[in-house]
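Worksheet for the structure shown next.
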Amino acid sequence: MSDIQRVGVVGSGLMGSGIAEVCARAGLDVLIAEVNLDATEAAKARIATSLGRGVRSGKLSEQDRDAALDRMRFTTDIADFADRNLVVEAVAEQEQVKTDVFTALDKVVEDPDAIFASNTSSIPIMKLGMATSRPEQVIGVHFFNPVPVLKLVELVPSLLTGQETQDRAREFVTTVLGKEVIRSQDRAGFVVNALLIPYLLSSIRMLESGFASAEDIDSGMVLGCAHPMGPLRLADLIGLDTTKAIAESMYDEFKEPLYSPPPLLLRMVDAGLLGKKSGRGFHNYA
Ligand code: CAA
């Protein structure tokens, strides 16, 4: 049985709010850190919508939805994480932002056995571990979007992650959260993004070169390969800023052209066309 009762989630964007939701639905006390009240309100709305879907699809009773909401609290002060047993960092996919969070958490979290998890898709876990005084307690725990729906979690130990941290994280993710785990080495992109990102970038290059329309590229993969959504719609769902950031981390790591973000992706991010979350990406969501 897992001894983790009090969970902290840093960052409540698409991934952080999904992670907070699944932890609260699993009966845990969840504290969520955000930078300001606007971001907090946006996360509350996102979580309420997602729980509402659960109720509408019959997977969650109204009573369980209300209990889950009661288990979630928000703060803008990371010092409130002092009593957490496990913290999941889910802030923007930028190395400096993430290492700053780990350094701050290391200073405030009092449990000597606390697990420091990162939902990073592509930043080396070792770099995050080295930002703390306890790298043996730092591990990658990478969820997939939408977190309440998708079963997979990638567990990514660094060279310094202790066996006990790995075992406790695995137990937590499988037994408490009910997810399926695959293990990956600490290489940018891990297993899934190492395969997924070149595919998404190829679809953007295909669009950019005028090879086919966005609708036809997506329909091709949905109807021809039975994917639940096409690559451009999936990039929109992930967020084009996040897709770009993952690609850049992978390019930095491997120096392979297949990870290099195409100019169209860069320009769309410059323009604030970030996909579903901003209302427009390769498709419109207004
Ligand atoms: N929260 C809660 N439940 C949700 C949800 C959400 N955000 N989105 C969908 N659902 C539920 C719905 O209620 C529905 O439940 P029922 O079947 O019980 O009715 C079910 O999930 C299916 O949803 P919909 O019928 O609304 O829509 P759909 O069948 O078109 O599926 C989808 C939507 C689940 C997003 C599906 O298209 C899908 O799986 N797409 C691929 C997503 C994917 O590949 N994600 C990985 C991205 S990579 C990543 O996240 C990691 C990274 O590092 C970038």
*Extreme residue, farthest from the ligand (Cβ to nearest atom), among residues of the range 37-66 that are within 28 Å of residue 103 (Cβ to Cβ) and open to solvent by 70 Å² or more (accessible area, probe 1.4 Å)*: 37
_Selected residue (criterion: nearest to residue 131 (Cα to Cα)) from residues of the range 57-94 that are in contact (Cβ under 8 Å) with a residue 40 or more places away in the chain and among the charged types (D, E, K, R)_ = 89
_Unique match (being within 16 Å of the ligand (Cβ to nearest atom) and either within 25 Å of residue 43 (Cα to Cα) or buried (at least 24 other Cβ atoms within 10 Å of the Cβ) (or both)) among 108, 147, 87_ = 147
*Looking at the range 5-13, is at least one residue over 20 Å from the mean Cα position of the chain (by Cα) and away from the ligand (no atom under 15 Å from the Cβ)?*
yes
*Does the range 1-23 hold any residues that are surrounded by fewer than 24 Cβ atoms within 10 Å (Cβ to Cβ) and of a type outside the set (Val, Ile, Thr), and which are they?*
1, 2, 3, 5, 6, 13, 14
*Inside the range 170-199, can you point out the residues that are within 16 Å of residue 114 (Cα to Cα) and in contact (Cβ under 8 Å) with a residue 60 or more places away in the chain?*
171, 172
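The values are calculated or read from the model by the stated rules, or taken from the named source; none is laboratory data. On a predicted model such as this, the values are computed, not experimentally measured, just so you know. Neighbour counts are summed over all protein chains in view; Cβ atoms, including those assigned to glycine, are modelled from backbone coordinates with ideal geometry. Areas reflect the complete protein model, heavy atoms only, side chains present, ligands, DNA and RNA absent. Shrake-Rupley method; radii C 1.70, N 1.55, O 1.52, S 1.80 Å.
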